[in-house]
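Structure record follows, encoded as structure tokens.
The values are calculated or read from the model by the stated rules, or taken from the named source; none is laboratory data. Predicted model, so just to flag it, every value in this text is computed and none were measured. Please note: Cβ atoms are built from the backbone with ideal geometry, for glycine as well, and neighbour counts cover all protein chains shown.
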């Protein structure tokens, strides 16, 4: 296995361990096989309920496909039968096929986006604490501020902090900042999907970039053609001068 791949594997593994920790799980064990590596975490809720997390990183291919997903799904069901509630994450060293990501979503198996930040953002001093809002928090918002969930400021589901916590659209996050002037400052954000207008805007930006790149390519081709024509003309002029001398 190439050194770069080994480095990537270690990077992804250290990242998923950080994600497991950020979600409140304690790493129980790591199972290393020829074709995959499994990371297993466990946590106990305040109500005494035991929950598990099982993350798999396939090693035989950089791109994760349907075969990997179905093998993992079978193992996940066996694990759930023995341990109870378990959240599954299927990792990738590079990317997922379109159908793999789609089927995983249908079956409740998490896949992380290709450019996912495999490190714990919350370890950085500039990143405030993010956590799920409790029912008590939401009740306080309703009673003190007469505000409903849909009226809260928004945070996109694609936000790295949201992805690390595994939050879904409709969830509410509690964000706590420590300010040297204002003290502890708490805000709440509702997790949402990108708006249609936002998607259209991003699409328009990508089209503009593509057109700009295409225009640059056309200009370069035109310059190359001009240079070739100039070289041909210089060559013809040189031949004409030689013929005149003769």
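All of 69, 54 fail the test of being touching a helix residue (DSSP H, G or I) at 6+ places or on another chain (Cβ under 6 Å) and not in a strand (DSSP E or B), apart from 69.
Residue-by-condition table, conditions (1) over 14 Å from residue 166 (Cβ atoms); (2) within 17 Å of the chain's Cα centre (by Cα):
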residue: 12; (1), (2): yes, yes
residue: 45; (1), (2): yes, no
residue: 51; (1), (2): no, no
residue: 58; (1), (2): yes, no
residue: 74; (1), (2): yes, no
residue: 83; (1), (2): yes, no
residue: 101; (1), (2): yes, yes
residue: 122; (1), (2): no, yes
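Please give the helices (runs of 4 or more DSSP H) falling wholly within segment 95-179 in which 1 or more residues are surrounded by 12 or more Cβ atoms within 10 Å (Cβ to Cβ) and outside the structural domain of residue 14 (by TED's automatic domain parsing).
Fully inside segment 95-179 and qualifying: 135-145, 160-165.
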